[in-house]
1. Suppose each label sits 7 Å from its Cα in the direction of the beta carbon; what would the N66-L143 distance come out to in nanometres?
2. Using r as the Cβ-Cβ distance of V114 and D168, and R0 as 41 Å, what FRET efficiency do you calculate, to the nearest 0.05?
3. With a 1.4 Å probe and all protein chains left in place, how much accessible area per residue does segment 150-191 have, in Å²?
4. Once the other residues with Cβ under 14 Å from the Cβ of I61 are scored (Lys, Arg +1; Asp, Glu -1), what is the net sum?
5. For segment 76-186, which whole-number percentage of the solvent-accessible area (1.4 Å probe, protein heavy atoms only) is attributable to carbon and sulfur atoms?
6. In square angstrom, rounded to the nearest 10, how much accessible surface does L166 have for a 1.4 Å probe?
7. H78 versus I49, label points 7 Å from Cα toward the beta carbon: distance in nm?
Amino acid sequence: MSDSNADAERNDSPATDNHPALLDCCGGLNNVDYSKMDLTLLEAFLKHIHVYDSRLCIAVIAILFNPLFWNVVARWEHRTRRLSGLFGSPYLACCCLGFVIILLNIYRSHSMTVAMKAQARWEVMERTEVFYAGIGLMVFGTLLVVSSFLALGFTGTFLGDYFGILMDEKVTGFPFNITENPMYWGSTANYLGLALIMSFILSSFSHPNRSQQMAAPP
């Protein structure tokens with residue numbers, strides 16, 4: 001066999017590579033053996049959650065219901081103008097919807113607090129760092145929520161555009177220059193911070209020495 005034929009045969013034959021083939025980014029998860037995953041941490045976390053507790057179920061329903069309610073009502077008003085006709089003014093209708101939203105949010109916060117008190121304590125959440133992290137989140141969340149409200153006003157905050165109440169121009173200042181949805185991110189930070197603070201406070205009641213250590217000067 002000539003040298004040119006030998007070279008052609010080597011080029012046509014598949015290259016041998018001792019390195020394992022890389023997993024495809026989309027189909028690679030199909031090759032993972034999930035039975036070998038270490039789920040110890042996840043199992044330890046889930047042990048502290050009473051999934052079937054009625055108070056937790058009520059809190060979850062309140063969390064899901066609130067945004068669904070005001071989005072459905074606002075879109076229905078945008079199509080039909082029924083609320084504006086019922087109250088005789090789009091401003092009055094928007095204010096009434098905003099008042100209902102505030103009441104729903106108060107009940108959501110209450111149901112979350114009740115649900116947290118009913119859940120088991122997790123030792124990790126008893127650290128003072130958790131308490132200060134919760135304070136930091138609530139300060140940051142409150143800053144976003146309050147600044148958003150001041151920038152948009154009452155009707156701008158509570159879906160006034162669905163009632164035909166439009167602002168003169170798009171708000172681009174703080175906090176909308178750092179995120180498109182500061183009200184949602186601020187509310188999320190507030191609820192997460194509240195959860196961390198409540199977890200620490202409840203653990204302090206069950207361990208009085210912890211609250212004394214926190215109050216004692218360094």
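The values are calculated or read from the model by the stated rules, or taken from the named source; none is laboratory data. From a predicted model like this one, the values you see are computed outputs, not experimental measurements. Methodologically, a virtual Cβ is constructed for each residue, glycine included, from the backbone with ideal geometry; neighbour enumeration extends over all protein chains shown. These area figures cover heavy atoms from the full protein model, side chains too; ligands, DNA and RNA do not enter into them. Shrake-Rupley method; radii C 1.70, N 1.55, O 1.52, S 1.80 Å.
1. So the two model labels end up 2.2 nm from each other.
2. Values: r = 43 Å, r/R0 = 1.04.
For R0 = 41 Å, the calculated efficiency reads 0.45.
3. With the other protein chains kept in place, segment 150-191 gives 64 Å² per residue.
4. On the way: positive: R55, R108; negative: D53.
Combined, the nearby Lys, Arg, Asp and Glu give +1.
5. Values: 4530 of 6830 Å².
That fraction is 66 percent.
6. Its heavy atoms expose roughly 130 Å² to the probe.
7. Distance between label points: 3.2 nm.
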